[in-house]
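A.B. asks: Take a look at this one; I'll ask things after.
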Amino acid sequence: MKPYGKSKLWFVIGSQHLYGPEVLKEVENHSNIIAKYLNESEEIPMTVQYKSVVKSSKEISDICLAANADDDCIGLILWMHTFSPAKMWIQGLNYLNKPFVHLHTQFNKELPWSEIDMDFMNLNQAAHGCREFGFMGARLRKERKVVVGHWQDPEVISQLSSWIRAAAAWADWQQLKIARIGDNMRDVAVTEGDKVGAQMKLGFSCNGYGIRDIVEVIETIKDQEIKDLIDVYYNSYQVAKDIKENNTKETSLKEAARIEIALRRFLQEGDFGAFTDTFENLHGFHQLPGIAVQRLMADGYGFGAEGDWKTSAMVRALKVMAKGLKGGTSFMEDYTYHLETGNEKVLGAHMLEVCPSIAGSKPSLEVHPLSIGGKNDPARLIFTAPSGAGLCSSIIDLGNRFRFVTNIIDVTQPDEPLPNLPVACAVWKPKPNLKKAASAWITAGGSHHTCFSQAVTREMIEDFSMISGVESVIIDDDLDPYRFKQELRWNDIYYHLSNGLSS
Ligand code: MN
C-alpha cells in the first residue's frame, strides 16, 4: 500500500483524432506501461491511475470535471505523447480545480538512429506536443510544475514524487479543520491573521473553542484509561526515576495522561487535523499540555502554541508531505543563540511542545516546573534531534497575502551535554550562516514559530508554493542579501497585481 492510501493521481494523455486508431492504441499501451512503472516505484508515494488518451475539447473538459468531482483524485499528471492542439485544453483547464504536473517525457529513451522513419517521428511527438500544451499553460497563467526527462530517469521520479507529496498536503488542507483552543497570546502579532482569507485561499478552516469544551471531556476520563496510557508511557520512553519516587510528580504525570486522552478525544470527535492552545488560557487545566501535544503531533496532528493557527496548519502540511519518509517534523521555535564567531548556531525548542518524531534517541519522560503560566509542573518528553540536513519553514500573513519563509539548515549537536535543559531541542546552523540567514529571515518577516523538518525538502516547499499560490522565499547557500531584498519588493508588486481585488 502506498503511503497516501486510496488517494490517486490521474494520468491523462493528450492527443487528437488525426493520428488514427492504430497510433492512438499504441499511445494508450505506452501510457499504461508508464503508469505501471510509476506504481511499482517505491519512491512514488501515491497510486497513479491511467485514465485515458483525450482527443477532443469535450473529452478534455469531461475528464477535468470528473477529476474535480472525485474526492480520491488529488491531482493530474498530464503528458502530450503526440500533438494535442491546445485550444482544446482551454475549457478543461479553466474548469480544473485540482493541481496538475506536466510530465514532459518520451516513451523511447533513445532514438533508433539507423531505423528512424516518419512513423516513429509521428508517434514520438512530445518534443513539440508538450510545447504546444506549455503555451496554453502559460497563456492561461496556470501555475504548474514541468518535469522533464525519460520516465525511468531517477531525477524524474524524484521530482514527481516531491510534487505528489506537495499535492497531497494541498488536498489535505482543502478539508482540514483546525481547533483553536483558547485565543492568541495577548499582544502577539505574528500568530494572528485573517482566518477568512486563509479559508478562501488555502482551504482549511480554523474555529475557536473555549477551554471549558476540553475541561468537560477531561472530567469524564476514567482512572483505568489513565492507567492504560501510563503503561504506554512506561513502555515507550525512559521514565525519570523521580516520577516513581515522588508522589507530586506521579500525580502530575497522571494529570498529563488525563489531558492527553481528553484532547485526543476532543480532536477525534470533532474530526480535527490540527489545533492550537495557549498558556494564557488554561482555566480548568491543572498544567500546560506537554506530552499530550508532543504525542498528538507524533500521530500527525498539526500544532501551534500561543494560538498560532497558521503554524499549526504548516506543521500539518509538512507532516502530510513527509508521510513515510525518514526524519521527523515538528512545531519549533528559534529559542536562543550560540554566537561564537564562525560557529554561530540556533538552539530551537519550545516551552514543552516539540514532536518526538524528531528525537535522535529514546525520549526521556520527566516532570519539571514551568517558569511561565502559573500552573502545576507539566510532564514532557526530552530529547535532541539527530544531525543532518533539514529546514525550518514559516507562514506569515502580510495582509494582502500569505508568505512562506524557509531556511535550509544543517542540524548539528550541542557543543556540550545539556543536563539542566528541561525541554526537547534541536541545534542547527542556518544556511548560508546565522548572520545572513537571520538578517534575511527578519527582513522577510518570518515568524519565531516554524515547522522544523528533517524529511521535507526545499523542492517540496517550492512545489507546495506553486500549488497553493502562496509566495515562497528560500534562504539557503545561494542567498544574496541585496537580491533577496529586491525579490521581496518585486513580489510585493507581483502579488498586488495578480491578486487584484480578491485578496
Ligand atoms: Mn512560542
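A.B. asks: Can you name the residue in region 198-220 that is surrounded by 13 or more Cβ atoms within 10 Å (Cβ to Cβ) and of a type in the set (A, V, I, L, M) and, of all such residues, is nearest to Glu255 (Cα to Cα)?
C.D. replies: Ile218
A.B. asks: If I filter region 33-42 for residues that are among the hydroxyl-bearing types (Ser, Thr, Tyr), at pLDDT 95 or above and closer than 24 Å to Gly324 by Cα, do I get at least one hit?
C.D. replies: Within region 33-42 (the criterion being among the hydroxyl-bearing types (Ser, Thr, Tyr), at pLDDT 95 or above and closer than 24 Å to Gly324 by Cα), the answer is yes, since at least one residue qualifies.
A.B. asks: Right, next: So Thr341 fits all but one of (1) open to solvent by 50 Å² or more (accessible area, probe 1.4 Å); (2) in contact (Cβ under 8 Å) with a residue 60 or more places away in the chain; what number is the exception?
C.D. replies: Unmet for Thr341, out of (1) open to solvent by 50 Å² or more (accessible area, probe 1.4 Å); (2) in contact (Cβ under 8 Å) with a residue 60 or more places away in the chain: (2).
A.B. asks: Give Thr450, Thr412 a once-over and let me know the one that is over 21 Å from Trp490 (Cβ atoms) and either within 15 Å of the chain's Cα centre (by Cα) or of a type in the set (Gly, Ala, Ser) (or both).
C.D. replies: Answer to the check: Thr450.
A.B. asks: May I ask you to list pairs of residues, at least six apart or on different chains, whose Cβ atoms are under 7 Å apart, with the first in region 160-185 being farther than 13 Å from Val320 by Cα and the second being of a type in the set (Val, Ile, Thr) and within 16 Å of the ligand (Cβ to nearest atom)?
C.D. replies: Cβ pairs passing all conditions: Arg180/Thr276; Ile181/Thr276; Gly182/Thr278; Asp183/Thr278; Asn184/Thr191; Asn184/Thr278; Met185/Thr191; Met185/Thr278.
A.B. asks: If I ask for residues that are more than 15 Å from Phe11 (Cβ to Cβ), touching a residue at least 12 places away in the same chain (Cβ under 8 Å) and open to solvent by 10 Å² or more (accessible area, probe 1.4 Å), which ones from region 71-85 would you list?
C.D. replies: Phe83, Pro85
A.B. asks: Do we find a residue being among the hydroxyl-bearing types (Ser, Thr, Tyr) and not assigned by TED's automatic domain parsing to the domain that holds Leu325 anywhere in region 161-173?
C.D. replies: Yes, that holds for at least one residue.
A.B. asks: Just need a number here: residues in region 356-406 that are in contact (Cβ under 8 Å) with a residue 60 or more places away in the chain and assigned to a strand (DSSP E or B).
C.D. replies: Residues meeting the conditions: 22.
A.B. asks: Is it true that Ser361 is small (Gly, Ala, Ser) and touching a Ser or Thr at 6+ places or on another chain (Cβ under 6 Å)?
C.D. replies: Here the answer is no, as Ser361 does not meet what is asked.
A.B. asks: Please tell me if Asp334 is more than 29 Å from Ile226 (Cα to Cα) and open to solvent by 10 Å² or more (accessible area, probe 1.4 Å).
C.D. replies: It is true that Asp334 is more than 29 Å from Ile226 (Cα to Cα) and open to solvent by 10 Å² or more (accessible area, probe 1.4 Å).
A.B. asks: Could you say which residue among Ala305, Ala359, Ala292, Ala349 is modelled with pLDDT of 95 or more, under 28 Å from Glu250 (Cβ atoms), open to solvent by 10 Å² or more (accessible area, probe 1.4 Å) and among the hydrophobic types (A, V, I, L, M, F, W, C)?
C.D. replies: Among Ala305, Ala359, Ala292, Ala349, only Ala359 is modelled with pLDDT of 95 or more, under 28 Å from Glu250 (Cβ atoms), open to solvent by 10 Å² or more (accessible area, probe 1.4 Å) and among the hydrophobic types (A, V, I, L, M, F, W, C).
A.B. asks: Just to be sure before I move on: is Asp397 in the same structural domain as Val315 (by TED's automatic domain parsing) and either modelled with pLDDT of 95 or more or out of contact with any strand residue (DSSP E or B) (no Cβ under 9 Å at 6 or more places or on another chain) (or both) in the structure I sent?
C.D. replies: yes
A.B. asks: Also: Does Asn68 satisfy the criteria of being in contact with a Phe, Trp or Tyr (Cβ under 9 Å, 6 or more places away or on another chain) and farther than 28 Å from Ser465 by Cα?
C.D. replies: It is false that Asn68 is in contact with a Phe, Trp or Tyr (Cβ under 9 Å, 6 or more places away or on another chain) and farther than 28 Å from Ser465 by Cα.
A.B. asks: What helices (runs of 4 or more DSSP H), lying completely within region 144-232, carry at least 3 residues that are touching a strand residue (DSSP E or B) at 6+ places or on another chain (Cβ under 8 Å), modelled with pLDDT under 95 and within 16 Å of the ligand (Cβ to nearest atom)?
C.D. replies: none
A.B. asks: Still on this model: For Ile382, are the conditions met, namely being among the aliphatic types (A, V, I, L, M), away from the ligand (no atom under 16 Å from the Cβ), in contact with a Gly (Cβ under 6 Å, 6 or more places away or on another chain) and under 30 Å from Ile408 (Cβ atoms)?
C.D. replies: No: the conditions fail for Ile382.
The values are calculated or read from the model by the stated rules, or taken from the named source; none is laboratory data. No experiment lies behind these values; they were computed from the predicted model shown. For neighbour counting, all protein chains shown are included, and Cβ atoms are generated from backbone atoms with ideal geometry for every residue, glycine included. Heads up: the accessible areas ignore ligands, DNA and RNA and are worked out on the full protein's heavy atoms, side chains in. Shrake-Rupley method; radii C 1.70, N 1.55, O 1.52, S 1.80 Å.
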